[in-house]
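Take a look at the structure set out below.
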Amino acid sequence: MRLRERRGFTLIELLVVIAIIAVLIALLLPAVQAAREAARRAQCVNNLKQLGLGVQNYLSATNSLPPLYTNYPTALAGGGAGFDWPLGWAVFILPQIEQQALYNAANFSWGSGQPPNQGTLTATKLNALVCPSESVNTGPWLNTSWTNYHANVGGPADAQSWSGVIIPMSSDPNGNNGAAGRPSTIGFQAITDGTSNTACFSEALISNNQGYQPGNAGAARDYYPSGVTVKADAGNTTQSSALVAACKSLPPSTASLNNSWGGCNWAGTHSATLRWNAYTHICAPNTFPCGSNQVGSVTDCLPPTSNHSGGVNASFCDGSVKFIKNSVSLTTWWALGTRAGNEVIDASSY
């Protein structure tokens, strides 16, 4: 009888097969990750599109854009922690983004950090306000609530403060809003630069209180002292230019102010805590927050930041959403932040 010879894999052949599989996995994984990020970025664009449409619908109903926040309650509702955090822009457009029930729960006589709002309105997580590319899933203040989408309050404040489109009301009877003499809410007639040339919203990574340094990958989540104080309404951008230079030149080992304010409260803000849900057109996208006020004022560098490769998404006042590169020139970036700066912007410049 003739015996059949059985032959198996040799060790070398097995190793070659394993090496080929490893190479294929190494080639496929980046493609899979890129596809997933593309999907997340598309969802982020959709979120910003919905916010832009919400503002358009709010404008149709009221003939104005939503304010950055409402006036402080006259009676201050008994004071206490959080009374000076009036409800902000996102609350105003809740009915326009299919959140009428949540809007009905808002109590404008109380601050966003006070019990009537904190336990219901402020504590509610809204997926429409969270970028899918955000890699942190716990809020820095309330675990259930945060936002990645911030409103444009303006370009360099030393030239003109509150030059953006989502700005404080200036009629506060208590004089608390820091915007005296500025227009209250505005309509599209005030955007003389053109709605397609003026940013309305962009995105920002939330803080997570890790104490990053400028040389760390997470630096955009923290805030750094610049050593430069900018005074508003000087009529030029000299101070803001100095602020940008100072922020760029901070040593990589600079200690952050290690706070958890960025994106922490979608439902409220005020003129000196802009990091909650607002940004400024001073430093370029995806640089780190920097200035003289760790919770963020209109004179500080509070740039939009994201986990998207190469830039950030921004919703414009005409409802369009565009991708702004990190390499955008400061001149163009500042121009996109002002509503009436009379700048000429070439679409190819960003």
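Residue check, residue 48 against (1) at pLDDT below 95; (2) surrounded by 12 or more Cβ atoms within 10 Å (Cβ to Cβ), all met but one. Which one?
(1)
Name the one entry in 64, 60 that is surrounded by 12 or more Cβ atoms within 10 Å (Cβ to Cβ), modelled with pLDDT of 75 or more and hydroxyl-bearing (Ser, Thr, Tyr). Working first, answer last.
Numbers: 60 fails: surrounded by 12 or more Cβ atoms within 10 Å (Cβ to Cβ).
Of 64, 60, the one residue that is surrounded by 12 or more Cβ atoms within 10 Å (Cβ to Cβ), modelled with pLDDT of 75 or more and hydroxyl-bearing (Ser, Thr, Tyr) is 64.
Quick check, is residue 240 buried (at least 17 other Cβ atoms within 10 Å of the Cβ) and of a type in the set (Ser, Thr, Tyr)?
yes
For residues that are under 19 Å from residue 65 (Cα atoms) and outside any loop (DSSP other than H, G, I, E, B), tally how many sit in the range 277-323.
6
Give the range 83-98 a look and list any residue that's surrounded by fewer than 21 Cβ atoms within 10 Å (Cβ to Cβ) and free of Cβ contacts under 8 Å to residues at least 40 places away in the same chain, or say none.
Hits for the range 83-98 are 83, 95, 98.
Residues of the range 142-162 being in a loop (DSSP other than H, G, I, E, B), more than 27 Å from residue 229 (Cβ to Cβ) and in contact (Cβ under 8 Å) with a residue 40 or more places away in the chain, which ones? So that I can check it myself, show each step before the final result.
So the first thing to find is which residues in the range 142-162 are in a loop (DSSP other than H, G, I, E, B), and the list is 143-144, 146-148, 153-162.
Among the residues that remain, those that are also more than 27 Å from residue 229 (Cβ to Cβ) are: 143-144, 146-148.
Answer for the range 142-162, where residues must be in a loop (DSSP other than H, G, I, E, B), more than 27 Å from residue 229 (Cβ to Cβ) and in contact (Cβ under 8 Å) with a residue 40 or more places away in the chain: 146, 147, 148.
Are any residues in the range 329-350 among the β-branched types (Val, Ile, Thr), out of contact with any helix residue (DSSP H, G or I) (no Cβ under 7 Å at 6 or more places or on another chain) and in a loop (DSSP other than H, G, I, E, B), and if so, which ones?
338, 344
Considering the range 249-285 alone, what residues qualify as being modelled with pLDDT under 95, more than 23 Å from residue 127 (Cα to Cα) and either of a type in the set (Val, Ile, Thr) or touching a Ser or Thr at 6+ places or on another chain (Cβ under 8 Å) (or both)?
250, 254, 259, 271, 272
Residues of the range 266-276 being within 11 Å of the chain's Cα centre (by Cα) and in a loop (DSSP other than H, G, I, E, B), which ones?
266
Does residue 143 satisfy the criteria of being modelled with pLDDT of 90 or more and polar (S, T, N, Q)?
no
Results for (1) at pLDDT 95 or above; (2) surrounded by fewer than 24 Cβ atoms within 10 Å (Cβ to Cβ); (3) under 13 Å from the mean Cα position of the chain (by Cα), shown as yes or no for each residue.
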position: 292; (1), (2), (3): no, yes, no
position: 296; (1), (2), (3): no, no, yes
position: 305; (1), (2), (3): yes, no, yes
position: 313; (1), (2), (3): yes, no, yes
position: 338; (1), (2), (3): yes, no, no
position: 345; (1), (2), (3): no, yes, no
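Of the residues in the range 199-216, how many are on the phi < 0 side of the Ramachandran plot and either modelled with pLDDT under 90 or of a type in the set (Phe, Trp, Tyr) (or both)? So that I can check it myself, show each step before the final result.
Here is the first cut: in the range 199-216, the residues on the phi < 0 side of the Ramachandran plot are 199-208, 210, 212-216.
Now narrow it down to the ones that are either modelled with pLDDT under 90 or of a type in the set (Phe, Trp, Tyr) (or both): 201, 208, 210, 212-216.
Qualifying residue count, the range 199-216: 8.
Of everything in the range 315-327, what is of a type in the set (A, V, I, L, M) and over 21 Å from residue 219 (Cα atoms)? Give them in sequence order.
Going residue by residue through the range 315-327, those that are of a type in the set (A, V, I, L, M) are 321, 324.
Matches in the range 315-327: 321 only.
So residue 87 clears everything in (1) farther than 22 Å from residue 207 by Cα; (2) modelled with pLDDT of 90 or more except one condition, right? Which one?
Result: residue 87 fails condition (1) only.
Between a residue in the range 204-224 that is more than 12 Å from residue 263 (Cβ to Cβ) and in contact (Cβ under 8 Å) with a residue 40 or more places away in the chain and any residue that is surrounded by fewer than 17 Cβ atoms within 10 Å (Cβ to Cβ) and basic (Lys, Arg), which pairs come within a Cβ distance under 6 Å, given they are 6 or more apart or on different chains?
Pairs that qualify, where the first residue is more than 12 Å from residue 263 (Cβ to Cβ) and in contact (Cβ under 8 Å) with a residue 40 or more places away in the chain and the partner is surrounded by fewer than 17 Cβ atoms within 10 Å (Cβ to Cβ) and basic (Lys, Arg): there are none.
Given the criterion surrounded by fewer than 16 Cβ atoms within 10 Å (Cβ to Cβ), small (Gly, Ala, Ser) and modelled with pLDDT of 80 or more, identify the matching residue among 106, 101. Break it down into steps so the answer makes sense when it comes.
Working: 106 fails: surrounded by fewer than 16 Cβ atoms within 10 Å (Cβ to Cβ).
Testing whether each residue is surrounded by fewer than 16 Cβ atoms within 10 Å (Cβ to Cβ), small (Gly, Ala, Ser) and modelled with pLDDT of 80 or more leaves just 101.
Those residues that are farther than 20 Å from residue 51 by Cβ and either of a type in the set (D, E, K, R) or touching a strand residue (DSSP E or B) at 6+ places or on another chain (Cβ under 9 Å) (or both), I need them from the range 151-168; list them, please.
If the condition is that a residue be farther than 20 Å from residue 51 by Cβ and either of a type in the set (D, E, K, R) or touching a strand residue (DSSP E or B) at 6+ places or on another chain (Cβ under 9 Å) (or both), then 158 is the only one that fits.
The values are calculated or read from the model by the stated rules, or taken from the named source; none is laboratory data. In this text, all values refer to a predicted model and were calculated from it rather than measured experimentally. Here the Cβ is made from the backbone with ideal geometry for all residues, glycine too, and neighbour counts use every protein chain on show.
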